[in-house]
1. Taking all protein chains as present, what is the carbon and sulfur share of the accessible area of the chain, in % to the nearest whole number, probe 1.4 Å?
2. Write out the GluC sites (Glu not before Pro) in the stretch 1-68 meeting two conditions: DSSP loop, and at most 14 other Cβ atoms within 10 Å of their Cβ.
3. Would you check the chain for Lys pairs whose C-alpha atoms are within less than 20 Å, ignoring same-chain pairs closer than 8 in sequence, and give me the count?
4. Beyond 17 Å, what share of the Cα-Cα pairs of the stretch 66-178 is found? Please give it as a whole percent.
5. Report, please, the projected area of the stretch 209-249 averaged over directions, based on the convex hull of its C-alpha atoms, in nm².
6. Would you list the P(r) distribution for the stretch 305-392, with all Cα-Cα distances sorted into 5 Å bins from 0 and each bin expressed as a whole %?
7. State, to one decimal in nm, how far the label point of Ala125 lies from the label point of Ala267, with both points 7 Å from Cα in the Cβ direction.
8. Using a Förster distance of 25 angstrom, determine the FRET efficiency expected from the C-beta separation of Thr30 and Glu348, and round it to 0.05.
Amino acid sequence: MEVRECRDWIAGDWRAPGGALPGWICDANTGEPLLRQVQSTPAAVEDALAAAAALHESGEWRGRAPEQRAESLLRIAAALEPRASELAALESRCTGVVIATNESLAKLAAATFRAAAEWLCGEQAPPRWTGAHGEVSLLRLPLGPAAVIAPWNAPAAIACHKVASALAAGCPVILKPSEFAPFCGGLLAEACAAAELPPAAFQLLHGGAECGAALAGDARIAAVSFTGGLAGGRAVAALCARDLKPAQLELGGNNPLIVLPGADLDAAADGAAQALITLNGQWCRGLGRLLVQRELAGALREALCQRLAALRIGSSLDPQSQLGPLAHEAHRDGVRAAVDALRQGGGELHQPKAAPPQGWFQPPTLVSGAPPALCDEEIFGPVATVHEFGDEAEALQLANRTPYGLAAYIFGPEERALQLAPRIRAGSVKWNGVGLLGLHPLAPRPAWGLSGLGDEGTAASIEFFRGHRVLGAAGPAPQSAHA
(Lines give C-alpha, C1' and ligand atoms only; values in the text may rest on other atoms or scores of the structure.)
Protein backbone atom coordinates (compact mmCIF):
# COMPACT_ATOMS: atom_id res chain seq x y z
CA MET A 1 0.00 0.00 0.00
CA GLU A 2 1.64 3.19 -1.22
CA VAL A 3 1.66 6.21 1.09
CA ARG A 4 2.08 9.27 -1.08
CA GLU A 5 3.28 12.71 -0.13
CA CYS A 6 0.46 15.17 0.56
CA ARG A 7 0.08 18.02 -1.92
CA ASP A 8 -2.08 21.11 -2.15
CA TRP A 9 -4.57 21.41 -5.01
CA ILE A 10 -5.05 25.08 -5.83
CA ALA A 11 -6.96 26.43 -8.85
CA GLY A 12 -6.37 23.21 -10.78
CA ASP A 13 -2.65 22.82 -10.01
CA TRP A 14 -0.73 20.56 -7.64
CA ARG A 15 1.74 22.23 -5.29
CA ALA A 16 4.05 21.08 -2.54
CA PRO A 17 2.63 22.46 0.73
CA GLY A 18 5.88 24.25 1.54
CA GLY A 19 5.73 24.01 5.32
CA ALA A 20 6.13 21.26 7.91
CA LEU A 21 4.47 20.62 11.25
CA PRO A 22 6.39 19.04 14.14
CA GLY A 23 4.30 15.87 14.15
CA TRP A 24 4.17 12.76 11.98
CA ILE A 25 1.49 10.72 10.28
CA CYS A 26 2.07 7.29 11.78
CA ASP A 27 0.90 3.71 11.42
CA ALA A 28 -1.46 3.46 14.39
CA ASN A 29 -0.84 -0.29 14.66
CA THR A 30 2.90 0.03 15.25
CA GLY A 31 3.68 3.69 15.87
CA GLU A 32 5.94 3.67 12.79
CA PRO A 33 6.31 7.18 11.28
CA LEU A 34 5.03 7.29 7.71
CA LEU A 35 5.12 10.93 6.63
CA ARG A 36 5.89 14.28 8.18
CA GLN A 37 2.74 16.35 8.72
CA VAL A 38 2.73 19.29 6.30
CA GLN A 39 1.35 22.83 6.34
CA SER A 40 0.26 25.01 3.43
CA THR A 41 2.07 28.33 3.30
CA PRO A 42 0.23 31.62 3.88
CA ALA A 43 0.78 32.41 0.20
CA ALA A 44 -0.91 29.15 -0.80
CA VAL A 45 -3.85 29.89 1.49
CA GLU A 46 -4.17 33.35 -0.06
CA ASP A 47 -4.05 31.92 -3.58
CA ALA A 48 -6.81 29.42 -2.78
CA LEU A 49 -9.01 32.06 -1.17
CA ALA A 50 -8.55 34.44 -4.08
CA ALA A 51 -9.32 31.72 -6.62
CA ALA A 52 -12.48 30.66 -4.77
CA ALA A 53 -13.68 34.25 -4.49
CA ALA A 54 -13.02 34.91 -8.17
CA LEU A 55 -14.88 31.77 -9.24
CA HIS A 56 -17.89 32.67 -7.14
CA GLU A 57 -17.90 36.22 -8.48
CA SER A 58 -17.75 34.94 -12.06
CA GLY A 59 -20.85 32.81 -11.60
CA GLU A 60 -19.28 29.94 -13.52
CA TRP A 61 -20.20 27.37 -10.85
CA ARG A 62 -23.08 28.97 -8.95
CA GLY A 63 -24.76 29.92 -12.23
CA ARG A 64 -25.07 26.33 -13.42
CA ALA A 65 -28.48 24.72 -13.28
CA PRO A 66 -28.99 22.23 -10.42
CA GLU A 67 -29.11 19.39 -12.95
CA GLN A 68 -25.71 20.40 -14.31
CA ARG A 69 -24.16 20.50 -10.85
CA ALA A 70 -25.76 17.12 -10.15
CA GLU A 71 -24.08 15.66 -13.24
CA SER A 72 -20.72 16.87 -11.97
CA LEU A 73 -21.35 15.31 -8.55
CA LEU A 74 -22.19 11.99 -10.19
CA ARG A 75 -18.92 12.13 -12.13
CA ILE A 76 -17.03 12.71 -8.87
CA ALA A 77 -18.77 9.69 -7.35
CA ALA A 78 -17.87 7.57 -10.36
CA ALA A 79 -14.22 8.61 -10.06
CA LEU A 80 -14.12 7.82 -6.32
CA GLU A 81 -15.84 4.42 -6.40
CA PRO A 82 -12.99 2.41 -8.00
CA ARG A 83 -10.60 3.72 -5.34
CA ALA A 84 -12.66 2.78 -2.30
CA SER A 85 -10.37 -0.10 -1.29
CA GLU A 86 -7.26 2.09 -1.60
CA LEU A 87 -8.89 4.80 0.49
CA ALA A 88 -10.05 2.31 3.14
CA ALA A 89 -6.55 0.85 3.53
CA LEU A 90 -4.91 4.28 3.82
CA GLU A 91 -7.38 5.45 6.45
CA SER A 92 -7.23 2.22 8.43
CA ARG A 93 -3.48 2.54 8.67
CA CYS A 94 -3.44 6.12 9.97
CA THR A 95 -6.69 6.20 12.02
CA GLY A 96 -6.67 2.68 13.49
CA VAL A 97 -10.28 2.08 12.42
CA VAL A 98 -10.64 -1.54 11.32
CA ILE A 99 -10.64 -2.21 7.60
CA ALA A 100 -14.09 -3.82 7.61
CA THR A 101 -15.59 -0.56 8.87
CA ASN A 102 -13.45 1.65 6.65
CA GLU A 103 -14.44 -0.27 3.54
CA SER A 104 -18.06 0.67 4.26
CA LEU A 105 -17.12 4.27 5.03
CA ALA A 106 -15.07 4.53 1.81
CA LYS A 107 -18.11 3.46 -0.19
CA LEU A 108 -20.17 5.98 1.73
CA ALA A 109 -17.75 8.72 0.63
CA ALA A 110 -18.79 8.27 -2.99
CA ALA A 111 -22.41 7.69 -2.03
CA THR A 112 -22.62 11.15 -0.44
CA PHE A 113 -22.03 12.73 -3.85
CA ARG A 114 -24.76 10.57 -5.37
CA ALA A 115 -27.14 11.48 -2.55
CA ALA A 116 -26.50 15.20 -3.03
CA ALA A 117 -27.02 14.86 -6.80
CA GLU A 118 -30.27 12.96 -6.36
CA TRP A 119 -31.53 15.52 -3.88
CA LEU A 120 -30.73 18.37 -6.29
CA CYS A 121 -32.60 16.69 -9.13
CA GLY A 122 -35.64 16.02 -6.95
CA GLU A 123 -35.73 19.33 -5.08
CA GLN A 124 -39.07 21.05 -5.10
CA ALA A 125 -39.30 24.57 -6.47
CA PRO A 126 -39.24 27.34 -3.83
CA PRO A 127 -42.64 28.66 -2.76
CA ARG A 128 -44.26 31.67 -4.41
CA TRP A 129 -46.84 33.99 -2.93
CA THR A 130 -49.27 36.53 -4.27
CA GLY A 131 -48.50 39.94 -2.84
CA ALA A 132 -50.48 43.16 -2.95
CA HIS A 133 -48.71 44.20 -6.17
CA GLY A 134 -47.88 40.91 -7.83
CA GLU A 135 -45.98 37.68 -7.34
CA VAL A 136 -43.43 37.31 -4.55
CA SER A 137 -40.74 34.69 -5.20
CA LEU A 138 -38.06 33.04 -3.07
CA LEU A 139 -34.60 32.16 -4.31
CA ARG A 140 -32.20 29.75 -2.63
CA LEU A 141 -28.71 30.95 -3.47
CA PRO A 142 -25.18 29.80 -2.61
CA LEU A 143 -23.67 31.91 0.16
CA GLY A 144 -20.21 32.00 -1.40
CA PRO A 145 -16.84 30.30 -0.92
CA ALA A 146 -17.02 27.66 1.81
CA ALA A 147 -14.39 26.13 4.08
CA VAL A 148 -14.60 22.50 5.21
CA ILE A 149 -12.42 21.43 8.14
CA ALA A 150 -12.56 17.64 8.51
CA PRO A 151 -11.59 15.36 11.44
CA TRP A 152 -9.39 12.28 11.68
CA ASN A 153 -11.87 9.66 12.91
CA ALA A 154 -13.85 9.09 9.67
CA PRO A 155 -12.02 11.49 7.36
CA ALA A 156 -13.27 10.57 3.90
CA ALA A 157 -16.94 10.02 4.68
CA ILE A 158 -17.25 13.25 6.66
CA ALA A 159 -15.19 15.39 4.27
CA CYS A 160 -17.02 14.07 1.20
CA HIS A 161 -20.43 14.70 2.73
CA LYS A 162 -19.53 18.32 3.48
CA VAL A 163 -17.80 18.95 0.13
CA ALA A 164 -20.66 17.35 -1.82
CA SER A 165 -23.16 19.54 0.05
CA ALA A 166 -21.23 22.75 -0.62
CA LEU A 167 -20.76 21.95 -4.30
CA ALA A 168 -24.42 20.99 -4.65
CA ALA A 169 -25.39 24.34 -3.16
CA GLY A 170 -23.22 26.11 -5.76
CA CYS A 171 -20.35 27.13 -3.47
CA PRO A 172 -16.65 26.85 -4.29
CA VAL A 173 -15.16 24.84 -1.44
CA ILE A 174 -11.73 24.63 0.19
CA LEU A 175 -11.03 21.45 2.19
CA LYS A 176 -8.53 21.22 5.02
CA PRO A 177 -8.36 17.60 6.21
CA SER A 178 -6.87 16.62 9.54
CA GLU A 179 -3.09 16.63 9.64
CA PHE A 180 -3.33 13.13 11.18
CA ALA A 181 -5.41 11.66 8.33
CA PRO A 182 -5.12 13.78 5.18
CA PHE A 183 -5.14 11.14 2.45
CA CYS A 184 -8.78 11.50 1.40
CA GLY A 185 -8.06 15.04 0.22
CA GLY A 186 -5.72 14.02 -2.57
CA LEU A 187 -8.06 11.32 -3.88
CA LEU A 188 -10.95 13.76 -3.78
CA ALA A 189 -8.94 16.38 -5.70
CA GLU A 190 -8.13 13.79 -8.37
CA ALA A 191 -11.81 12.85 -8.59
CA CYS A 192 -12.86 16.50 -8.97
CA ALA A 193 -10.24 16.98 -11.68
CA ALA A 194 -11.51 13.87 -13.50
CA ALA A 195 -15.05 15.26 -13.25
CA GLU A 196 -13.84 18.46 -14.99
CA LEU A 197 -15.09 20.89 -12.38
CA PRO A 198 -14.01 24.50 -12.76
CA PRO A 199 -10.44 24.61 -11.37
CA ALA A 200 -11.31 26.52 -8.19
CA ALA A 201 -14.61 24.75 -7.45
CA PHE A 202 -12.73 22.35 -5.16
CA GLN A 203 -9.37 23.16 -3.59
CA LEU A 204 -7.23 21.37 -1.01
CA LEU A 205 -4.96 22.79 1.68
CA HIS A 206 -3.08 21.11 4.52
CA GLY A 207 -2.02 21.87 8.06
CA GLY A 208 -3.14 22.16 11.64
CA ALA A 209 -5.12 24.74 13.57
CA GLU A 210 -3.25 27.65 12.02
CA CYS A 211 -4.38 26.77 8.50
CA GLY A 212 -7.94 26.13 9.66
CA ALA A 213 -8.03 29.48 11.44
CA ALA A 214 -6.74 31.29 8.35
CA LEU A 215 -9.66 29.87 6.36
CA ALA A 216 -12.38 30.31 8.97
CA GLY A 217 -11.30 33.85 9.82
CA ASP A 218 -11.08 35.18 6.26
CA ALA A 219 -13.91 37.48 5.18
CA ARG A 220 -14.03 35.87 1.72
CA ILE A 221 -15.21 32.61 3.28
CA ALA A 222 -18.99 32.79 3.54
CA ALA A 223 -19.63 29.59 5.55
CA VAL A 224 -17.58 27.09 7.56
CA SER A 225 -18.42 23.45 8.22
CA PHE A 226 -16.33 21.84 10.97
CA THR A 227 -16.33 18.45 12.65
CA GLY A 228 -14.06 17.91 15.63
CA GLY A 229 -13.65 18.60 19.33
CA LEU A 230 -15.27 21.25 21.48
CA ALA A 231 -12.16 23.44 21.73
CA GLY A 232 -11.77 23.52 17.96
CA GLY A 233 -15.48 24.18 17.49
CA ARG A 234 -15.39 27.12 19.85
CA ALA A 235 -12.38 28.55 18.03
CA VAL A 236 -14.15 28.25 14.67
CA ALA A 237 -17.32 29.81 16.09
CA ALA A 238 -15.36 32.76 17.47
CA LEU A 239 -13.71 33.38 14.10
CA CYS A 240 -17.03 33.15 12.26
CA ALA A 241 -18.67 35.51 14.75
CA ARG A 242 -16.50 38.39 13.57
CA ASP A 243 -18.08 38.29 10.10
CA LEU A 244 -21.45 36.98 11.37
CA LYS A 245 -21.17 34.05 8.97
CA PRO A 246 -22.76 30.67 9.56
CA ALA A 247 -20.80 27.89 11.21
CA GLN A 248 -21.91 24.26 11.06
CA LEU A 249 -20.30 22.54 14.03
CA GLU A 250 -20.48 18.82 14.78
CA LEU A 251 -18.70 18.26 18.09
CA GLY A 252 -18.62 15.70 20.90
CA GLY A 253 -21.31 13.63 22.55
CA ASN A 254 -20.69 11.57 25.72
CA ASN A 255 -23.92 9.83 24.79
CA PRO A 256 -26.13 7.84 27.17
CA LEU A 257 -27.45 4.35 26.52
CA ILE A 258 -30.38 3.58 28.83
CA VAL A 259 -31.45 0.03 29.69
CA LEU A 260 -35.01 -0.06 31.08
CA PRO A 261 -36.88 -2.84 32.89
CA GLY A 262 -38.26 -5.26 30.36
CA ALA A 263 -35.35 -4.80 27.97
CA ASP A 264 -33.95 -7.74 26.03
CA LEU A 265 -30.60 -7.97 27.83
CA ASP A 266 -28.89 -9.82 25.00
CA ALA A 267 -29.94 -7.09 22.55
CA ALA A 268 -28.89 -4.40 25.03
CA ALA A 269 -25.47 -6.00 25.54
CA ASP A 270 -25.01 -6.34 21.77
CA GLY A 271 -25.98 -2.70 21.27
CA ALA A 272 -23.74 -1.44 24.05
CA ALA A 273 -20.79 -3.40 22.68
CA GLN A 274 -21.39 -2.05 19.18
CA ALA A 275 -21.71 1.52 20.43
CA LEU A 276 -18.51 1.11 22.48
CA ILE A 277 -16.22 -0.27 19.77
CA THR A 278 -17.48 1.30 16.53
CA LEU A 279 -14.58 3.37 15.11
CA ASN A 280 -12.67 2.10 18.18
CA GLY A 281 -14.87 4.36 20.29
CA GLN A 282 -13.59 7.38 18.33
CA TRP A 283 -17.14 8.17 17.29
CA CYS A 284 -19.06 11.26 18.30
CA ARG A 285 -22.27 9.20 18.54
CA GLY A 286 -20.60 6.36 20.43
CA LEU A 287 -21.37 5.11 23.92
CA GLY A 288 -20.15 7.35 26.71
CA ARG A 289 -22.39 6.46 29.65
CA LEU A 290 -24.26 3.21 30.20
CA LEU A 291 -27.33 3.82 32.40
CA VAL A 292 -28.88 0.61 33.72
CA GLN A 293 -31.88 -0.04 35.95
CA ARG A 294 -30.45 -1.21 39.27
CA GLU A 295 -31.88 -4.75 39.27
CA LEU A 296 -30.49 -5.37 35.77
CA ALA A 297 -27.02 -3.91 36.28
CA GLY A 298 -25.16 -7.07 37.31
CA ALA A 299 -26.61 -9.26 34.58
CA LEU A 300 -26.07 -6.66 31.88
CA ARG A 301 -22.47 -5.96 32.90
CA GLU A 302 -21.72 -9.70 32.84
CA ALA A 303 -23.29 -10.10 29.39
CA LEU A 304 -21.45 -7.06 28.06
CA CYS A 305 -18.11 -8.18 29.49
CA GLN A 306 -18.57 -11.57 27.82
CA ARG A 307 -18.96 -9.86 24.48
CA LEU A 308 -15.95 -7.63 25.04
CA ALA A 309 -13.84 -10.61 26.10
CA ALA A 310 -14.65 -12.32 22.79
CA LEU A 311 -13.55 -9.38 20.65
CA ARG A 312 -10.82 -9.79 18.07
CA ILE A 313 -8.40 -6.94 18.87
CA GLY A 314 -5.59 -6.48 16.39
CA SER A 315 -4.23 -4.70 13.37
CA SER A 316 -6.68 -2.37 11.71
CA LEU A 317 -5.61 -3.87 8.37
CA ASP A 318 -6.66 -7.39 9.40
CA PRO A 319 -10.16 -8.14 8.03
CA GLN A 320 -10.85 -10.25 11.13
CA SER A 321 -10.16 -7.44 13.61
CA GLN A 322 -13.14 -5.93 15.40
CA LEU A 323 -11.21 -3.34 17.41
CA GLY A 324 -8.04 -1.58 16.33
CA PRO A 325 -5.71 1.01 17.86
CA LEU A 326 -6.50 4.63 18.59
CA ALA A 327 -5.57 7.20 15.96
CA HIS A 328 -2.42 8.69 17.43
CA GLU A 329 -0.19 8.59 20.45
CA ALA A 330 -1.35 11.80 22.12
CA HIS A 331 -4.96 10.68 21.88
CA ARG A 332 -4.12 7.25 23.31
CA ASP A 333 -2.35 8.94 26.21
CA GLY A 334 -5.33 11.23 26.79
CA VAL A 335 -7.75 8.30 26.92
CA ARG A 336 -5.50 6.48 29.39
CA ALA A 337 -5.27 9.60 31.56
CA ALA A 338 -9.06 9.92 31.60
CA VAL A 339 -9.45 6.27 32.64
CA ASP A 340 -6.86 6.72 35.38
CA ALA A 341 -8.65 9.82 36.70
CA LEU A 342 -11.91 7.85 36.93
CA ARG A 343 -10.13 5.06 38.79
CA GLN A 344 -8.57 7.52 41.23
CA GLY A 345 -11.99 9.10 41.71
CA GLY A 346 -13.46 5.83 42.96
CA GLY A 347 -14.32 3.99 39.76
CA GLU A 348 -13.81 0.26 39.34
CA LEU A 349 -12.29 -0.79 36.01
CA HIS A 350 -13.61 -3.76 34.03
CA GLN A 351 -11.24 -4.71 31.21
CA PRO A 352 -12.19 -8.22 30.08
CA LYS A 353 -9.84 -8.22 27.08
CA ALA A 354 -6.19 -7.19 26.98
CA ALA A 355 -4.87 -5.04 24.16
CA PRO A 356 -1.68 -5.70 22.17
CA PRO A 357 1.38 -4.04 23.73
CA GLN A 358 2.60 -2.57 20.44
CA GLY A 359 0.84 0.36 18.78
CA TRP A 360 -1.70 2.76 20.26
CA PHE A 361 -4.24 0.27 21.58
CA GLN A 362 -6.66 0.85 24.44
CA PRO A 363 -8.50 -2.18 25.83
CA PRO A 364 -12.31 -1.90 25.90
CA THR A 365 -13.08 -0.57 29.35
CA LEU A 366 -16.14 -0.19 31.57
CA VAL A 367 -15.86 1.98 34.67
CA SER A 368 -18.49 1.42 37.36
CA GLY A 369 -18.98 3.31 40.61
CA ALA A 370 -17.42 6.63 39.54
CA PRO A 371 -19.40 9.69 40.71
CA PRO A 372 -21.50 11.12 37.86
CA ALA A 373 -19.85 14.51 38.38
CA LEU A 374 -16.55 12.97 37.19
CA CYS A 375 -18.18 11.48 34.10
CA ASP A 376 -19.54 14.49 32.24
CA GLU A 377 -16.77 14.82 29.65
CA GLU A 378 -16.44 12.67 26.53
CA ILE A 379 -13.46 10.30 26.50
CA PHE A 380 -13.67 9.41 22.77
CA GLY A 381 -12.32 5.90 23.02
CA PRO A 382 -13.61 2.38 23.81
CA VAL A 383 -14.41 3.47 27.37
CA ALA A 384 -17.80 3.91 29.03
CA THR A 385 -18.87 4.69 32.56
CA VAL A 386 -21.68 2.62 34.09
CA HIS A 387 -24.38 4.16 36.30
CA GLU A 388 -27.36 2.55 38.02
CA PHE A 389 -30.78 4.14 38.41
CA GLY A 390 -33.94 3.31 40.26
CA ASP A 391 -36.73 4.71 38.09
CA GLU A 392 -37.18 6.52 34.80
CA ALA A 393 -37.07 9.94 36.43
CA GLU A 394 -33.57 9.18 37.74
CA ALA A 395 -32.56 7.74 34.36
CA LEU A 396 -33.69 10.95 32.67
CA GLN A 397 -31.79 13.08 35.17
CA LEU A 398 -28.60 11.08 34.54
CA ALA A 399 -29.06 11.20 30.76
CA ASN A 400 -29.54 14.98 30.71
CA ARG A 401 -26.93 16.00 33.29
CA THR A 402 -24.10 16.73 30.83
CA PRO A 403 -23.89 19.88 28.66
CA TYR A 404 -23.80 17.71 25.52
CA GLY A 405 -26.71 16.46 23.43
CA LEU A 406 -25.78 14.57 20.28
CA ALA A 407 -27.22 11.05 20.49
CA ALA A 408 -28.95 8.74 22.95
CA TYR A 409 -30.05 5.11 22.92
CA ILE A 410 -32.82 3.29 24.79
CA PHE A 411 -33.26 -0.46 25.20
CA GLY A 412 -36.59 -1.53 26.61
CA PRO A 413 -40.28 -1.87 25.75
CA GLU A 414 -41.10 0.33 22.78
CA GLU A 415 -44.01 2.05 24.50
CA ARG A 416 -41.71 3.18 27.33
CA ALA A 417 -39.04 4.29 24.84
CA LEU A 418 -41.64 6.35 22.99
CA GLN A 419 -42.54 8.08 26.26
CA LEU A 420 -38.96 8.70 27.34
CA ALA A 421 -37.26 9.62 24.04
CA PRO A 422 -38.75 13.12 23.56
CA ARG A 423 -37.58 14.09 27.07
CA ILE A 424 -33.90 13.26 26.44
CA ARG A 425 -31.90 16.30 25.40
CA ALA A 426 -30.21 14.92 22.30
CA GLY A 427 -30.35 15.50 18.58
CA SER A 428 -31.25 11.87 17.85
CA VAL A 429 -32.66 9.12 20.03
CA LYS A 430 -32.73 5.51 18.83
CA TRP A 431 -34.29 2.61 20.63
CA ASN A 432 -33.55 -1.13 20.63
CA GLY A 433 -30.63 -0.69 18.24
CA VAL A 434 -27.56 1.45 17.59
CA GLY A 435 -26.27 1.56 14.00
CA LEU A 436 -23.47 3.70 12.59
CA LEU A 437 -25.70 5.60 10.16
CA GLY A 438 -28.74 7.79 10.69
CA LEU A 439 -32.30 6.55 10.84
CA HIS A 440 -33.14 7.72 7.29
CA PRO A 441 -31.03 9.26 4.49
CA LEU A 442 -33.17 12.41 4.45
CA ALA A 443 -33.49 12.77 8.22
CA PRO A 444 -31.31 15.54 9.69
CA ARG A 445 -28.60 14.89 12.26
CA PRO A 446 -29.11 17.63 14.85
CA ALA A 447 -27.00 18.58 17.85
CA TRP A 448 -28.04 20.16 21.14
CA GLY A 449 -25.98 22.00 23.72
CA LEU A 450 -22.21 21.71 23.44
CA SER A 451 -22.53 18.95 20.85
CA GLY A 452 -22.71 21.43 18.03
CA LEU A 453 -24.50 24.05 16.03
CA GLY A 454 -26.75 23.46 13.03
CA ASP A 455 -28.14 20.25 11.58
CA GLU A 456 -26.29 17.93 9.22
CA GLY A 457 -27.70 15.53 6.63
CA THR A 458 -28.19 15.51 2.87
CA ALA A 459 -30.86 18.23 2.73
CA ALA A 460 -29.79 20.06 5.90
CA SER A 461 -26.16 20.42 4.83
CA ILE A 462 -27.02 21.67 1.34
CA GLU A 463 -29.35 24.22 2.90
CA PHE A 464 -26.61 25.29 5.30
CA PHE A 465 -24.51 26.53 2.38
CA ARG A 466 -27.39 28.51 0.87
CA GLY A 467 -29.22 31.70 1.76
CA HIS A 468 -32.66 33.03 0.88
CA ARG A 469 -33.48 36.03 -1.28
CA VAL A 470 -37.04 37.35 -1.63
CA LEU A 471 -38.11 39.21 -4.80
CA GLY A 472 -41.30 41.09 -5.57
CA ALA A 473 -42.93 44.38 -6.49
CA ALA A 474 -43.70 46.63 -3.55
CA GLY A 475 -45.89 49.06 -5.47
CA PRO A 476 -45.88 52.83 -5.21
CA ALA A 477 -44.99 54.49 -1.96
CA PRO A 478 -48.04 55.46 0.11
CA GLN A 479 -49.15 59.07 -0.44
CA SER A 480 -48.96 61.54 2.40
CA ALA A 481 -52.29 62.72 3.71
CA HIS A 482 -51.10 66.32 3.12
CA ALA A 483 -49.98 65.79 -0.49
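The values are calculated or read from the model by the stated rules, or taken from the named source; none is laboratory data. Because the structure is a prediction, the values reported are computed rather than measured. Glycine also receives a Cβ, built like all others from the backbone with ideal geometry; neighbour counts cover every protein chain displayed. Keep in mind that these areas ignore ligands, DNA and RNA; they rest on the heavy atoms of the full protein, side chains included. Shrake-Rupley method; radii C 1.70, N 1.55, O 1.52, S 1.80 Å.
1. Working: 10630 of 19600 Å².
Carbon plus sulfur share of accessible area: 54 percent.
2. Values: sites: Glu2, Glu5, Glu46, Glu57, Glu60, Glu67; in loops: Glu2, Glu5, Glu60.
Filter output for the stretch 1-68: Glu2, Glu5.
3. Values: Lys107/Lys162; Lys162/Lys176; Lys162/Lys245; Lys176/Lys245.
Within the chain, the lysine pair count is 4.
4. Values: 3818 of 6328 pairs.
Distances greater than 17 Å cover 60 percent of the Cα pairs.
5. Details: hull surface 9.5 nm².
Mean orientational projected area (the stretch 209-249, Cα hull): 2.4 nm².
6. Final binned percentages: 3, 14, 23, 23, 18, 12, 5, 3, 1.
7. About 4.6 nm, to one decimal.
8. On the way: r = 32 Å, r/R0 = 1.27.
The computed FRET efficiency comes out at 0.20.
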